[in-house]
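Worksheet for the structure shown next.
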Amino acid sequence: MVTPQYVVGRLGVQGWPLGLSGRRHRRFGHVWGDAMEGINYIALSIPVFFLLIAVEWLVATWQKRKVYRLNDALNDLQCGVLQQVLSVFLKVLTFGAYVAVYEVARVAEVPASATWGWIVCFLLVDHQYYWFHRVSHESNLPWGAHIVHHSSEEYNLAVALRQGAFQQCFSWVFYLPLALLGFSPLVFLACKSFNTLYQFWIHTRLIGRLGPLEWVLNTPSHHRVHHGCDEKYLDRNYAGVLIVWDRLYGSFQVEEEEPTYGITKPLQSWNPLWANVHYYADLAALAKRAPNWRERLKVYFMPPAWRPDWAPEGPGEARERTPQTPGEAGKYDARGPRGVGGYATAQFAGMAVAVVSLLGLDFTAAGQVATAIFIAWTALNLGALFEAREWILVSELARLVALPPLVAGVARSQGADAASMALVVGVVFFSLSAAWLLRFRPSLRETRAA
């Protein structure tokens, strides 16, 4: 488990590299510990997210509008899961850097009890989010992480949870000025969480224009534009909460007709791991063709729309693209064999339990790594089931076999009784899942043959 002592040991041993020693070294641990023990607003909101997704689906069904597809929605959620899993290992770097700058280099100290401090912090977080978001669209390296959020060809509340796992490797830098100004880590974390939570509800097609609020707030209409891959909608409306930043910095675009959702080079895959690395693979392939090192570096830092003289196309261009419309035409929709939807949903529920356990329980370092690998394996397999990959049956059976010993081993840190109970649950889940999986084995073959 990541503890304040672990963070201090890894980031500030003997005062290096943070320059912390003595009282400051100990205070760093206390500040980190206080922040980690604060309220995790996003984790607490997860049940509300799922409830609102269900409400949106019910309303859309009542209105006879096709807003959700199971394969797409599960892929969205799995991308979000991978982002949360990686954050367990990256928060030492990302949030630890904020705490370190706050402790070592702040030029003032904004009292956490001051109402004005919270208001200013919230506004600054929103402003810095705008610029992080804009840079993520204007430079290939961060765009490779952010593209995950845009690669769904649907637009619904599940898409709000579709986040790039590596995006957090870039975003933290933009918030360091707040640490320099003296906004405490607890206040910053709360404001950042509220900023993220606000953006959930604007990912919907069911809410139209909101009158005068459209002048000040980021709304579903404004954010639909941002998710459009139509030429006039590309790279517009970067706002988090306040649309005034887009109006101020010249990136605002009003919604004229419903956008075509997705990216200019469609992902065409339900593999959430590939969704996180496919653009970097394209960048590497393009850089390999570059005539010199200078041009190779430019590949990673130029805008996605950049077209080098020595290549016929950029990394984000489609080689072959079926024309899309806001309807169903042209959308990737591999559905897999009969029965795969229910099975995949059940396995995702099991994966969600693993994620909650990883985020909330006191695991050993080995338990964290093993659980994270198992979650990633599950995400890979569920996507492959919908795509009826040739190797999926072997991989899925192997994953199910690995489940009982994994849950028993991880639960051992919670006590012998917990380990025994986890082993029983794991065996039962394995048996039911394996029997269910083998039932649609013939359908899997038929799907591949077709």
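The values are calculated or read from the model by the stated rules, or taken from the named source; none is laboratory data. Note that this is a predicted model, so its numbers are computed, not measured. Neighbour counts run over all protein chains shown; Cβ positions are idealised from the backbone, glycine included. Surface accessibility is based on the protein's heavy atoms, side chains included, excluding ligands, DNA and RNA. Shrake-Rupley method; radii C 1.70, N 1.55, O 1.52, S 1.80 Å.
Residues are listed down the side, and each one gets a yes or a no for (1) in a helix (DSSP H, G or I); (2) open to solvent by 70 Å² or more (accessible area, probe 1.4 Å); (3) more than 28 Å from Leu181 (Cβ to Cβ); (4) of a type in the set (Lys, Arg):
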site: Arg65; (1), (2), (3), (4): no, yes, yes, yes
site: Tyr98; (1), (2), (3), (4): yes, no, no, no
site: Glu103; (1), (2), (3), (4): yes, no, no, no
site: Ala112; (1), (2), (3), (4): no, no, no, no
site: Ile119; (1), (2), (3), (4): yes, yes, no, no
site: Leu123; (1), (2), (3), (4): yes, yes, no, no
site: Asp126; (1), (2), (3), (4): yes, no, no, no
site: Phe132; (1), (2), (3), (4): yes, no, no, no
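Go through the range 334-369 and give me each residue that's assigned to a loop (DSSP other than H, G, I, E, B), surrounded by 13 or more Cβ atoms within 10 Å (Cβ to Cβ) and not hydrophobic (A, V, I, L, M, F, W, C). Give the steps one after another, and end with the answer.
Let us first name the residues in the range 334-369 that are assigned to a loop (DSSP other than H, G, I, E, B), namely 334-339, 361-364.
Those left that are additionally surrounded by 13 or more Cβ atoms within 10 Å (Cβ to Cβ): 334-339, 361, 363-364.
Correct list: Arg335, Gly336, Pro337, Arg338, Gly339, Thr364.
Does Ser413 satisfy the condition of being open to solvent by 20 Å² or more (accessible area, probe 1.4 Å), closer than 23 Å to Leu86 by Cα and in a helix (DSSP H, G or I)? The answer is yes for Ser413. Taking the criterion of being open to solvent by 20 Å² or more (accessible area, probe 1.4 Å) and within 21 Å of the chain's Cα centre (by Cα), the only residue of the range 205-227 that qualifies is Arg205.
Taking the range 275-298, which residues are closer than 30 Å to Ala379 by Cα and crowded, with 16+ Cβ neighbours inside 10 Å? Selection gives Ala275, Asn276, Val277, His278, Tyr279, Tyr280, Asp282, Leu283, Leu286, Ala287.
Residues that are in contact with a helix residue (DSSP H, G or I) (Cβ under 9 Å, 6 or more places away or on another chain), over 28 Å from Val120 (Cα atoms), among the aromatic types (Phe, Trp, Tyr) and crowded, with 20+ Cβ neighbours inside 10 Å do occur in the range 147-158, at least one of them.
Residues in the range 43-58 that are loosely packed, with under 12 Cβ neighbours inside 10 Å and either touching a helix residue (DSSP H, G or I) at 6+ places or on another chain (Cβ under 6 Å) or modelled with pLDDT under 95 (or both): 3 in all. Would the range 239-247 turn up any residue that is open to solvent by less than 60 Å² (accessible area, probe 1.4 Å) and charged (D, E, K, R)? Checking the range 239-247: at least one residue is open to solvent by less than 60 Å² (accessible area, probe 1.4 Å) and charged (D, E, K, R). Among the helices (runs of 4 or more DSSP H) confined to the range 210-296, the ones with at least 2 residues that are of a type in the set (A, V, I, L, M, F, W, C) and at pLDDT 95 or above are located at 244-249, 272-288. Which pairs do you get when a residue that is free of Cβ contacts under 8 Å to residues at least 40 places away in the same chain, found in the range 124-150, comes within reach of a residue that is part of a helix (DSSP H, G or I) and small (Gly, Ala, Ser), reach meaning Cβ atoms under 7 angstrom, with the pair 6+ apart or on two chains? Between residues of the range 124-150 that are free of Cβ contacts under 8 Å to residues at least 40 places away in the same chain and residues that are part of a helix (DSSP H, G or I) and small (Gly, Ala, Ser), the close pairs are Pro142/Ser136; His146/Ser136.
Results for (1) at pLDDT 90 or above; (2) touching a Gly at 6+ places or on another chain (Cβ under 8 Å); (3) open to solvent by 40 Å² or more (accessible area, probe 1.4 Å), shown as yes or no for each residue.
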{"position": "Ile392", "(1), (2), (3)": "yes, no, no"}
{"position": "Glu396", "(1), (2), (3)": "yes, no, no"}
{"position": "Ser420", "(1), (2), (3)": "no, no, yes"}
{"position": "Val428", "(1), (2), (3)": "yes, no, yes"}
{"position": "Leu437", "(1), (2), (3)": "no, no, no"}
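Cβ-Cβ distances below 7 Å connect the following pairs, each with a first residue in the range 374-395 that is of a type in the set (Asp, Glu), a second residue that is modelled with pLDDT of 95 or more and buried (at least 22 other Cβ atoms within 10 Å of the Cβ), and a separation of six or more residues or different chains: Glu387/Trp270.
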